[in-house]
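What follows is one structure encoded as structure tokens, with my remarks underneath.
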Amino acid sequence: MKILDVLDKDAILIDLKSKDKIGILNELVEPASRITGIDHKQMVQVLMERERLGSTGIGGGIGIPHGKLKNLDKLVLGFGLSRDGVDFESMDGRPTHIFFLLITPEHSTDLHLKLLARVSRLLKKEPLKEMMMKAKSAEEIVSIISEDDDDF
């Protein structure tokens, strides 16, 4: 499976407007909620519960908010870009610009961990992150990811 096998183009947001963590999570969840039919508030609540354990802002301008839901039948992957950056309580204390949202069914731990690892590896590549920051459309994000979208 590849990242683009699960990343829905409708869940790619290239101009996040929110200035704080809860706002970003709400924006990222909006298309995921529409795609899955799962309640928006329920998704945000699961993500915030995970954030209380420790920020998913991993540093280097990257955030990978993630969580698991009981009543979800397939995983959901979304992407968001904040041009100005947001205080996402990252490990390095710097603003977060690039977000991957991952919500998986409750009992799919293996898939959840594999996808988290794959996204993390992808985002360690500085040239790729720079291209994402300059992207003007969801199609460009898909094209950038496709350049380095290995099976996980």
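Structural remarks
- The residues packed around Asp92, meaning those with a beta-carbon under 15 Å from its beta-carbon, carry a net charge of 0 if Lys and Arg are +1 and Asp and Glu are -1.
- Computed with the Debye formula from one identical point scatterer per Cα of the range 43-87, without solvent, the log10 of I(q)/I(0) at q = 0.28 Å⁻¹ comes to -1.17.
- The residues neighbouring Glu51, those whose beta-carbon lies less than 11 Å from its own, together hold a net charge of +1 under the Lys/Arg +1, Asp/Glu -1 convention.
- A helix-only calculation puts the chain at -13000 deg cm²/dmol for mean residue ellipticity at 222 nm, using -39500 (n - 2.57) for each DSSP H run of at least four residues, averaged over all residues.
- Around Asn71: net Lys/Arg minus Asp/Glu count, Cβ-Cβ under 13 Å: 0
- Among the listed pairs Lys68/Lys134; Lys70/Lys124; Lys21/Lys125; Lys41/Lys125, those with a Cα-Cα distance over 29 Å are Lys68/Lys134; Lys70/Lys124; Lys41/Lys125.
- Listed candidates (1) 11.7; (2) 7.8; (3) 14.2 - label of the one calculated as mean projected area of the Cα convex hull in nm²: (2)
- Which of His40, Ile3, Gly80, positive extreme of dipole for the chain (C-beta unit charges): His40
- Fully extending the segment from Asp110 to Asp20, taken as 0.36 nm per residue of separation minus the present Cα-Cα distance, adds 29.4 nm.
- DSSP H segments from the chain that extend 18 Å or more along their own axis, Cα-based, with Kyte-Doolittle mean of -0.5 or above: 21-36, 109-122
- Amide proton proximity set for Leu101, modelled H, under 5 Å, gap of 5+: Gly78, Phe79, Gly80
- A straight chain from Asp92 to Asp10 at 0.36 nm per residue would run longer than the Cα-Cα distance by 26.5 nm.
- Rounded to the nearest 5, the antiparallel percentage of DSSP beta bridges internal to the range 1-143 is 45%.
Any read-out appearing in this document is the output of simple, stated calculations on the displayed coordinates, not a laboratory observation. Only a predicted model underlies this, so the values are computations on that prediction, with no experimental measurement involved. Here Cβ is always computed from backbone atoms with ideal geometry, including for glycine, and neighbour counts include all displayed protein chains.
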